[in-house]
Amino acid sequence: MSEANAPAISNPVEYIQHHLTNASLGGHPKALVDFDVFFIDTFLVTVILASLIAFVSWRVGKNLDADNPTGMQNVLETIVEFVNQQVKDIFPNADRLIGPLAITIFMIVFLMNLMDIIPVDLLPGLVTGVASAFGADPHHVYFKAVPTTNLDTTFALAIIVFGLIVFYNIKNKGVVGYAKMFLFHPFGKFAIPVNVIMTAIEELAKPVSLGLRLFGNMFAGELLFLLIALLGFAWAIPGQIILGMLWSIFHLLVIPLQAFIFMLLTIVYLSLASQGVDEH
Amino acid sequence: MNITATLFGQVLVFTFLILFMKRFLWEPVLTAMEDRKARIAEGLAASEKGAEDAKIAEEEAAKTISEAKAQAAEIVAQGKARESQMLEEAKGKAIEEASRVKAAADAELEQEIIRAKDGLRAQVSELAVAGASKILGKEIDAKAHKSVLDDLVSKI
């Protein structure tokens, strides 16, 4: 292991902070929202995973054999059928975009979460090692491998979903119907200002909760893995192995669950958005 | 824990991926699966129809067999009836023939008897005359005793 990871226990705060820092272009973010910064590691891992999904899907989709499905086709057919069933159950007469949206969210979130199972020091250590070989200072080489432990990723998905919610609302209710929903929604026509605030909160809570839920779950998981990694000294190693295993097993449950929840809520929100104007 | 320009990059990646998945995975796979479903349903319907056809054919075969059996039984019965009738006829003919033969034989016998009687009659008078002439020792004129002889002959 490189110098950055080796003395983990001697300086636990630095170790954890180091692992929670992204490799970024444009320096480190100075405010909560700082558009001058670009996290290259998050983006790179996302692109690699997306390319993987796209490549496998393209190969399977190109060589579809309806009579004799084999290997990857079976896997993807199972996923497609599962997602399609969810869409059918929650959102009858769904638009043709909902299914692909749901399956994409499910697969990409699942894969991004799965990066959490890779040992916390493996990818950062590798990147640090390579960078050091090119003469970089290992203390300033950062790599955060799990894209969903980054608000950008989860909110990117949430923003796509939010955009579609608005789109389907307007498509199915019309601009006037959508405005009416804001004006008259929870309390009828005598509390218009309150209605606007309430509906706005309700609508904004959807993407925010989507993004924060996934982020929170995965960030907490990552943090716990880092804490467990701190136990890597002599007499604590058996404890580290046991704890690491237990948390990995638990996290293996969380990973598909979070992907599934994100997908399900997406379908639910879009189904709600596609309902016609309802009377209140 | 910040929102950065990465957000836009991620939105682009995800949007592209969603459209890609729609075009290259979701629609082909769903089409293929629906195709297969339709074909399986078709196959099941065909096999059901085949089974039904087989059942109908079996019923028809059974009907044909039972009809054939009935016909055969009828033919056998007819044959038996014809046989007994022929036997009966043959028997009747035989009896008739036998009685005819018997009657002819009877008639011939009768004639034979009559002929024998006639022969005897013719000879009786001669014998009687010869006997009487031997007893009496003299020639007896048969003509003279014709009435006696005729009487004798008629008594035979």
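The values are calculated or read from the model by the stated rules, or taken from the named source; none is laboratory data. Everything quoted here is computed from the prediction, not taken from an experiment. For neighbour counting, all protein chains shown are included, and Cβ atoms are generated from backbone atoms with ideal geometry for every residue, glycine included.
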If you scan the stretch A:219-236, which residues turn out to be small (Gly, Ala, Ser) and over 12 Å from A:Tyr15 (Cβ atoms)? A:Ala220, A:Gly221, A:Ala234, A:Ala236
Residues of the stretch B:97-135 being farther than 26 Å from B:Ser147 by Cα and modelled with pLDDT under 90, in sequence order, are none
Among the residues listed as A:Phe134, A:Phe162, A:Phe167, A:Phe155, the single one being at pLDDT below 85 and not aliphatic (A, V, I, L, M): A:Phe134
Restricting the stretch A:37-65 to residues that are more than 7 Å from chain B (Cβ to nearest Cβ) and outside any helix (DSSP H, G or I), the residue that is nearest to the chain's Cα centre (by Cα): A:Asn63
In the stretch A:208-236, what residues are farther than 16 Å from A:Leu257 by Cβ, of a type in the set (Gly, Ala, Ser) and within 12 Å of chain B (Cβ to nearest Cβ)? A:Gly211
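Right, B:Thr6: of a type in the set (Ser, Thr, Tyr) and either touching a Gly at 6+ places or on another chain (Cβ under 6 Å) or closer than 23 Å to A:Leu44 by Cβ (or both) or not? Working first, answer last.
Working: of a type in the set (Ser, Thr, Tyr): yes; either touching a Gly at 6+ places or on another chain (Cβ under 6 Å) or closer than 23 Å to A:Leu44 by Cβ (or both): yes.
Considered against the rule, which asks whether it is of a type in the set (Ser, Thr, Tyr) and either touching a Gly at 6+ places or on another chain (Cβ under 6 Å) or closer than 23 Å to A:Leu44 by Cβ (or both), B:Thr6 comes out as yes.
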If you check every pair at least six apart or on different chains, which have Cβ atoms under 9 Å apart with a residue in the stretch A:69-86 that is of a type in the set (Phe, Trp, Tyr) first and a residue that is part of a helix (DSSP H, G or I) second? A:Phe82/A:Ile103; A:Phe82/A:Phe106
Look through B:Ile40, B:Ile18 and report the one residue that is at the interface with another protein chain (Cβ under 7 Å from one of its Cβ atoms) and part of a helix (DSSP H, G or I). B:Ile18
Return yes or no: is A:Ala220 small (Gly, Ala, Ser), under 30 Å from A:Phe38 (Cβ atoms), at pLDDT 85 or above and part of a helix (DSSP H, G or I)? yes
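To keep it simple, each residue is scored yes or no on (1) within 14 Å of chain B (Cβ to nearest Cβ); (2) in contact (Cβ under 8 Å) with a residue 12 or more places away in the chain; (3) farther than 30 Å from A:Leu243 by Cβ.
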{"site": "A:Val109", "(1), (2), (3)": "yes, yes, no"}
{"site": "A:Phe155", "(1), (2), (3)": "yes, yes, yes"}
{"site": "A:Phe162", "(1), (2), (3)": "yes, yes, yes"}
{"site": "A:Ile170", "(1), (2), (3)": "no, no, yes"}
{"site": "A:Phe184", "(1), (2), (3)": "no, yes, yes"}
{"site": "A:Gly188", "(1), (2), (3)": "no, yes, yes"}
Taking the conditions exactly as written (within 15 Å of the chain's Cα centre (by Cα), part of a helix (DSSP H, G or I) and within 14 Å of another protein chain (Cβ to nearest Cβ)), does A:Pro256 satisfy them or not? no
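Taking the stretch B:24-37 as the region of interest, how many residues are more than 7 Å from every other protein chain (Cβ to nearest Cβ) and surrounded by 12 or more Cβ atoms within 10 Å (Cβ to Cβ)? Show your work before the answer.
To start, the set of residues in the stretch B:24-37 that are more than 7 Å from every other protein chain (Cβ to nearest Cβ) comprises B:27, B:31, B:34, B:37.
From what's left, surrounded by 12 or more Cβ atoms within 10 Å (Cβ to Cβ): B:27, B:31.
The qualifying residues number 2.
Quick check: anything in the stretch A:145-153 closer than 30 Å to A:Met245 by Cα and away from chain B (no Cβ under 14 Å)?
Scanning the stretch A:145-153 turns up at least one residue that is closer than 30 Å to A:Met245 by Cα and away from chain B (no Cβ under 14 Å).
At pLDDT below 90, surrounded by 13 or more Cβ atoms within 10 Å (Cβ to Cβ) and hydrophobic (A, V, I, L, M, F, W, C): is that true of A:Ile103 in this structure?
no
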What single numbered condition from (1) of a type outside the set (Val, Ile, Thr); (2) over 28 Å from A:Ala94 (Cα atoms); (3) in contact with a strand residue (DSSP E or B) (Cβ under 7 Å, 6 or more places away or on another chain) fails to hold for A:Asp137? (3)
What number of residues within the stretch A:18-36 satisfy the criterion of being surrounded by fewer than 17 Cβ atoms within 10 Å (Cβ to Cβ) and over 21 Å from the mean Cα position of the chain (by Cα)? 7
